[in-house]
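Quick notes on the structure that follows.
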Amino acid sequence: MTENHETIDALSHENRRFPPSADFSLSAHVSDGGLHDEAAADLEAFWARQASELISWQQPWSKVLEWDLPYAKWFVDGKLNVAENCLDRHVKAGFGDKVAIYWEGEPGDTRTITYAELLAEVEQFSNVLKNLGVTKGDRVNIYLPMVPEAAVAMLACARIGAPHSVVFGGFSSQSLIDRINDAEAKVLITADGGYRRGEVFPLKPAADEAVAQTPSIEHVVVVERGGNEVDMVEGRDHWYHDLMAAADASCPPEAMDSEDLLFLLYTSGTTGKPKGIMHTTGGYLTHVAYTHRNVFDLHRDRDVYWCTADVGWITGHSYIVYGPLANGATQVMYEGVPNHPGNDRFWEIVEKYKVTIFYTAPTAIRTFMKWGADEPAKHDLSSLRLLGTVGEPINPEAWMWYHEHIGGGRCPIVDTWWQTETGGIMISPLPGYTTTKPGSATFALPGVDIAVVDDGGNEVDGGGGYLTLTRPWPGMLRGIWGDPQRFVETYWSRFDGSYFAGDGARLDDDGYLWLLGRVDDVMNVSGHRISTTEVESALVSHPSVAEAAVVGANDPTTGQAIFAYVTLRGGHDVDVATLRDHVAAEIGAIAKPKAIFFTPDLPKTRSGKIMRRLLRDVAEGRNLGDTTTLADASVVDELQRRASEAPSED
Ligand code: 7RM
């Protein structure tokens, strides 16, 4: 522990523990500390073994790692093709008839796609891209709903060595313009529209607006999905099915260098233009295959895996497309929202496909809590054997709800911490080995080295601090597209020799890690550095609260004062005084919110992360800053209206 005060005060306590069941451990890939020991003994040898056991190489590497801080090269001189790893080798090994994707459209239409069928589609689409003039190294932009063609397009790019840049289908034309222009993409793959909440949302008009301002785009490929009316520009726009019908069936996979660019994925920080995060080939694929196998304990002969993310996010890249397919998994892919036609749609899908592994976001879980336990109770969820979360800290009460009402009390939960920049999971329980504590992501995975440090960069051996990664890992970002300076400044300047993730974390007495949210969100109340996550978790531990967002707003007396925005569970009611006392009882009087506002919804990004910056603007009576990444703009208007009502206080 650092002297006098911790960098971030540790307030909450959680004593519940969940060791893996003997039954689960018995068949788990990892059931002891062997992998940890192996990685600790020789990190490079450890990753080399993963790369050779999980991935097929056309040419072996000459060197495992070349590390010239902050630039890493993994599996130097190795040659491989990602699509071949995800498809061809499974078909060659006799798994051609195995289902790769059970696709469920929102209206209820379905498609079942085997590995052989997926390979055929990808080969043909690779030829479509080639026919449009795409060659190795050209960037291709993808702007699609959650349809199988999204995976096909990504894999076809990988097959011919054209890096893709997927833009989430919920983003506006302006976001698309910025990302296409930054990447200077040559081809755009989009759809007429997709289904969302029972209606067709058009994509092609946004794509048209974008292409008018993106001179690099030569061709637009349009997947027919929504059936909505679209304008097709002669010579520029082509229907996917027309091009496919005219393309050759066979396309051999390109031999790619391990360090060739596989994709760009843009992340928007709090300031500045979106960063094109660069991921390369061999290290990335090794990292996602290794984590997908061991964190989810994937047994491809019996598991049905479902990750509810969109392919437009890194979670979709790593844990819908590349990790699961590299491992030969059978998975569910769902097009739509969780509440169409009813609030039990997800549970209906779990029952229908007998899903065994389910991976979702805390924001979704808190929404399910709001809708009530009756929804999952309508369905037989007994096929589930493992649950996962990603995207935000999961509050202990949401963890417990997930455990009881979705996992039936029997499924281990893996709370997986990672980032677009890390490429794959970094911190997580290993479900057959790690004893979990609700709300803790537990420990760094074997092969990953972290340190929680204080302001001066000194490692703390307990309490709160900044999360850093101290050694290179294979899935790490290789840079920011077109902006090498920003890469160094953003990630490698704050702490000498380490990657700074931007997150706060706490180590408890047993060495468990508790993620405390972005350090920009940490509050300073009378000199105490309090994490928003801990106060939110205290609020969510009240039986009436479904979700809470907490921010520090300027205060003349205490520096910052805690403002809380609270969403209640369906059919519940509670008053402000009760909740303030509840927080005081849970974590101490210092963390008692000065004001609590009730709200039906919280402002979130399109990937479901709470936008505390906007709530700070509201709390401090400022005009709202950049709201372009907000999923639903009406939420903050309503909050601003409510903020003009007097805040409640002692
Ligand atoms: C995968 C993803 C990254 C940020 C990261 C954290 C937060 C993600 C967890 C988490 C606590 C987790 N990529 N985060 N997972 N916080 N516990 N298990 O979300 O680039 O979009 O976001 O998300 O703040 O820095 S991301």
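Every read-out reported here was derived from the displayed coordinates using simple, explicitly stated rules and does not represent laboratory data. Treat the numbers as computed from the prediction; the structure is a model and nothing was measured. Cβ: placed from backbone, ideal geometry, glycine included. Neighbour counts: every protein chain shown.
Calculated from the alpha-carbon coordinates, region 429-563 shows an Rg and a Dmax of 16.8, 51 Å respectively. Entry note, the chain: relative contact order of 14 percent, from Cα contacts under 8 Å with a spacing of 6+ residues.
Hey, what's the Kirkwood Rh for region 174-241 if you take every pair of different alpha carbons, in angstrom?
Numbers: mean 1/r = 0.0823 Å⁻¹.
For region 174-241, the Kirkwood estimate is 12.2 Å.
Which net charge results for the neighbourhood of ASP632, defined as the other residues with beta-carbon distances under 11 angstrom from its beta-carbon, given Lys and Arg at +1 and Asp and Glu at -1?
Local charge sum for ASP632: -1.
What do you get for the angle between helix 173-183 and the principal long axis of the chain? Use alpha-carbon atoms, 0 to 90 degrees, nearest ten. Relative to the chain, helix 173-183 is tipped by roughly 60 degrees. In the chain, if the dipole is taken from +1 on Lys/Arg beta carbons and -1 on Asp/Glu beta carbons about the Cα centre, which of GLY621, TYR353, LEU467 is farthest to the positive end? Working it through, the farthest residue towards the positive pole turns out to be TYR353. Percent of Cα pairs in region 298-374 per distance bin of 5 Å, from zero to the largest separation: 3, 15, 25, 25, 18, 10, 4, 0. Among the GluC sites (Glu not before Pro) in region 56-151, none is located in a DSSP loop while being surrounded by at most 14 other Cβ atoms within 10 Å of its own Cβ. Among the GluC sites (Glu not before Pro) in region 557-650, those placed in a DSSP loop whose Cβ has at most 13 other Cβ atoms within 10 Å are GLU645, GLU649. A viscosity of 0.890 mPa s and a temperature of 25 °C, combined with the Kirkwood radius over C-alpha pairs in the Stokes-Einstein formula, give region 74-133 a diffusion coefficient of 184 µm²/s.
Per the Debye formula on identical point scatterers at the alpha carbon atoms of region 158-197, with no solvent, log10 I(q)/I(0) at q = 0.16, 0.20, 0.26, 0.28 Å⁻¹ is -0.48, -0.70, -1.02, -1.10. For region 1-156, taking Cα atoms only, Rg and Dmax work out to 22.4, 66 Å respectively. Using only Cα positions of the chain, each an equal point scatterer, no hydration layer, compute I(q)/I(0) via Debye at q = 0.09, 0.10, 0.12 Å⁻¹ and quote the log10 values to two decimals. With one equal scatterer per Cα and no solvent, log10 I(q)/I(0) is -0.73, -0.91, -1.36. The loop-placed GluC sites (Glu not before Pro) in region 1-61, going by DSSP, that have at most 11 neighbouring Cβ atoms within 10 Å of their Cβ come out as GLU3.
Counting only DSSP H runs of at least 4 residues, each contributing -39500 (n - 2.57), and dividing by the residue count of the chain, the helix-based mean residue ellipticity at 222 nm comes to -8000 deg cm²/dmol. Helix 43-54 and the long axis of the chain differ in direction by around 50°, with both axes built from C-alpha atoms. Of the beta bridges in the chain, as assigned by DSSP with both residues counted there, near 60 percent are antiparallel. Annotation: lysines with alpha-carbon distance below 18 angstrom to LYS604 (same-chain offsets under eight excluded): LYS370. For region 223-358, the equivalent ellipsoid derived from the Cα gyration tensor has semi-axes of 27, 25, 19 Å, listed largest first. With both residues required to sit in region 218-343, DSSP beta bridges show an antiparallel share near 50%. Once a ≥ b ≥ c are taken as the square roots of the eigenvalues of the Cα gyration tensor of region 439-491, is the result rounded (a/c under 1.5), prolate (a/b larger than b/c) or oblate (a/b not larger than b/c)? It comes out oblate by the Cα gyration axes. Legend: residue pairs LYS378/LYS609; LYS79/LYS437; LYS79/LYS273; LYS92/LYS378, Cα-Cα distance threshold 31 Å; pairs beyond threshold, LYS79/LYS437; LYS79/LYS273; LYS92/LYS378.
Ordering TYR466, TYR240 from the fewest to the most neighbouring beta carbons within 10 Å gives TYR240, TYR466.
Would you mind ranking PHE597, PHE75 so that the residue whose beta carbon has the fewest other beta carbons within 10 Å leads the list?
Least to most surrounded, the residues fall as PHE597, PHE75.
When the alpha carbon coordinates of region 269-428 are projected onto the principal axes, the ranges are 44, 42, 28 Å, largest first. Of the residues SER537, GLY511, THR578, the one whose Cα sits farthest towards the positive end of the charge dipole of region 502-593 is THR578 (charges of +1 on Lys and Arg Cβ, -1 on Asp and Glu Cβ, taken about the Cα centre).
Fewest neighbouring Cβ atoms within 10 Å first, the residues SER428, SER56 line up as SER56, SER428.
Taking only the Cα atoms of region 561-618, the radius of gyration and Dmax are 12.5, 34 Å.
List the lysines whose Cα sits under 16 Å from the Cα of LYS186, skipping any in the same chain fewer than 8 residues away. Cross-link targets: LYS130, LYS136.
Residues within the reach of a label modelled at ASP23 (point 7 angstrom out along Cα to beta-carbon, backbone nitrogen below 15 Å), restricted to region 381-396, are 381-387. Take the Cα coordinates of region 110-260, assign each an equal point scatterer, and use the Debye formula without solvent to give log10 I(q)/I(0) at q = 0.10, 0.21 Å⁻¹. Values, matching the q order: -0.32, -1.42. Between the helical axis of 634-643 and the longest alpha-carbon principal axis of the chain there is an angle of about 10 degrees. In units of the compact-protein estimate 2.2 N^0.38 Å, region 489-634 shows a Cα radius of gyration of 1.09. Charge dipole of the chain (Cα centre as origin; +1 on each Lys and Arg Cβ, -1 on each Asp and Glu Cβ, all else neutral): 440 debye, rounded to the nearest 20.
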